[in-house]
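See below for the structure under consideration.
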């Protein structure tokens, strides 16, 4: 007598459509007496409040093209799921300086992947937070590429080393800072939003 047969599950298919081909950066700030509403207002300022945002980690796929925010927003419909790397900072401490930043490091080799970083900070202005986020992304990419560097060096010194190596072609950041007002909460957001078509 033969036993029951068991079905063999098909091999998983890797969906290449889930590798983003394009992305755009955006940022925003919002204030409200309720923290959630200040976040929603910041998303509105960044023009991404209409989408269901899914936070992902920080790999920039090979050959991913960076487009303008206005170009990218044309591709979305209200309620659509949008994958993004997001930094967010919120406070109700009046006069406190807050910042959110996304750093980006792009390798010289178009077939290699790059890095995005999220940084949220208190007491840092836009330049400080942006430089730090850029440094984070570049440090992660440099370690992947085997570029030797001293973590204790200042950002400008590390940036020069990476440029000399020829392995990192470009770094950049998008940053939003704000001083918390006295009406309640202030929230800042910065995001890299992925497109898949």
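Derivation of every value follows stated rules applied to the coordinates shown; laboratory data play no part. Predicted, not measured: the structure shown is a model, and the values here were computed from it. Cβ coordinates were reconstructed from backbone atoms using ideal geometry, including for glycine residues, and neighbour counts include every protein chain displayed.
Please work out the C-alpha center-to-center distance from the range 116-137 to the range 23-81 and express it in whole Å.
One Cα centre to the other: 18 Å.
By how many nm would the segment from residue 111 to residue 169 grow when fully extended, if each residue of separation counts as 0.36 nm and the alpha-carbon distance is taken off?
Here the answer is 19.6 nm.
With the crude spin-label approximation of a point 7 Å out along Cα→Cβ, what separation in nm comes out for residue 44 versus residue 179?
Here the modelled spin labels are 2.4 nm apart.
Would you mind getting me the FRET efficiency between residue 95 and residue 35? Use the beta-carbon distance for r and R0 = 30 Å, nearest 0.05. Intermediate results must be reported in sequence, preceding the final value.
Details: r = 17 Å, r/R0 = 0.58.
Here the calculated transfer efficiency is 0.95.
At a 10 Å Cβ-Cβ cut-off, how would you order 65, 167, fewest neighbours first?
Least to most surrounded, the residues fall as 65, 167.
Specify whether the C-alpha gyration tensor of the range 20-195 places it in the rounded, prolate or oblate class, a ≥ b ≥ c being the square roots of the eigenvalues: rounded for a/c under 1.5, otherwise prolate if a/b is larger than b/c and oblate if not.
Note, shape of the range 20-195 comes out oblate.
Arrange the following residues from fewest to most other Cβ atoms within 10 Å of their Cβ: 135, 45.
Least crowded to most crowded, the residues run 45, 135.
Using DSSP, restrict attention to beta bridges with both residues in the range 20-195 and report what percent are antiparallel, rounded to the nearest 5.
Expressed as a percentage, antiparallel bridges in the range 20-195 total about 85.
Expected output is a single nm value to one decimal: the length gained when fully extending between residue 54 and residue 71, i.e. 0.36 nm times separation in residues minus the C-alpha distance. What is it?
Using 0.36 nm per residue and subtracting the Cα-Cα distance, I get 4.1 nm.
Would you mind ranking 86, 172 so that the residue whose beta carbon has the fewest other beta carbons within 10 Å leads the list?
Details: 86 21, 172 15.
The most exposed by this proxy come first: 172, 86.
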